[in-house]
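See structure below.
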Amino acid sequence: MSVKTIALLLLSSLALLGASWDSLQKLNAGDSIELTTSGEKPRTVIYRSASAESLIIATTSSEVSIARADVERVRIKQPGRRTRLGLLSTAIGAAAGAGIGLAVCPGCSGEGVGGKYIGPGVAAGAGIGALGFLSSDYRTVYQKR
């Protein structure tokens, strides 16, 4: 399994934590959400409210109630989320790369060339970590299970 696959699995599992129907009630009326319903493509709508049985949204022409059973996924846009995740994953990757670079040749410091693999390790780790910039600005609030 590649590092990219592991990172994507980790990010997707973290996104689904707290992705329950009750999370919808914590949204503010007027928030822009991306809604996916049964058999339809995702669309951007305005959130109004949620009850135990339905989700109420505003479209360009009216307010619509959608049954809970028809809602597949709800995501909310969080500006700056991609940048935060990208910087965090780049920093973590660089730190991991430095550790690996140091561990590759622990005896190199006795040869007068200590840490010669740290620089390449940092560069490789930061490069892999920079894949975090490919993440989404949307956070999953509800995912049908």
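A short reminder: the numbers here are calculations on the coordinates, not readings from a lab. Here the structure is a predicted model, which is why all the values come from computation and not from measurement. Here the Cβ positions follow ideal geometry from the backbone for every residue, glycine too, while neighbour counts run over all protein chains shown.
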For Thr37, state whether it is of a type outside the set (Lys, Arg) and either surrounded by 18 or more Cβ atoms within 10 Å (Cβ to Cβ) or touching an Asp or Glu at 6+ places or on another chain (Cβ under 7 Å) (or both).
-> yes
Any hit, region 58-73, residues being within 20 Å of the chain's Cα centre (by Cα) and over 22 Å from Gly129 (Cα atoms) | yes
Hey, can you tell me all the residues within region 39-51 that are hydroxyl-bearing (Ser, Thr, Tyr) and over 23 Å from the mean Cα position of the chain (by Cα)?
-> Ser49, Ser51
Residue list for region 30-49, filter: more than 20 Å from Gln78 (Cβ to Cβ) and not small (Gly, Ala, Ser) = Thr37, Glu40, Lys41
